[in-house]
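The numbers here are math on the coordinates, done by the rules we state, and not lab data. As the structure is a prediction and not an experimental result, all values here were calculated from the model. Ideal geometry is used to build each Cβ from the backbone, glycine not excepted, and the neighbour counts take in all protein chains shown.
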Amino acid sequence: MKRIPLVAAAVAASAALALSAAAPASAAPGQLRWTFNGAEWHDHVNPAPGCYTIAAGDAAPAAVFQNETVDTVALHIGPDCTGPVFFLESDNEAGFPTRSYRVFH
């Protein structure tokens, strides 16, 4: 008799894990891309809202940043979304020296 609740709990846990692997409902569909050297590109697919640091304050910033999402993102010169900001609209790219960025939706 104890086996049925245990199996049911395992199935429920598996379902919850499978659902959590999907992109959050509030994620910006699409991807953000950036390069530091023009050769190697980094991708952030379906980014959730928040601040993301891609380079420390003493490291070189990204040279090119592409926004392939449906929302505007804020590019910051400093880490932790500090310093001067540039708002990059959907389906655009910028040569703004970026060390962090903020996704709003």
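Please arrange HIS44, HIS76, HIS105 by how many other C-beta atoms lie within 10 Å of their C-beta, fewest to most.
Values: HIS44 18, HIS76 24, HIS105 14.
Least crowded to most crowded, the residues run HIS105, HIS44, HIS76.
How much length, in nm to one decimal, is gained on full extension between ALA60 and PHE87, taken as 0.36 nm per residue of separation minus their Cα-Cα distance?
Values: separation 27, 0.36 × 27 = 9.72 nm, distance 2.00 nm.
The ALA60-PHE87 span can extend by a further 7.7 nm.
Sort VAL64, VAL70 by Cβ crowding within 10 Å, fewest neighbours at the top. The partial results should precede the final answer.
Values: VAL64 16, VAL70 11.
The fewest-first ordering by Cβ neighbours comes to VAL70, VAL64.
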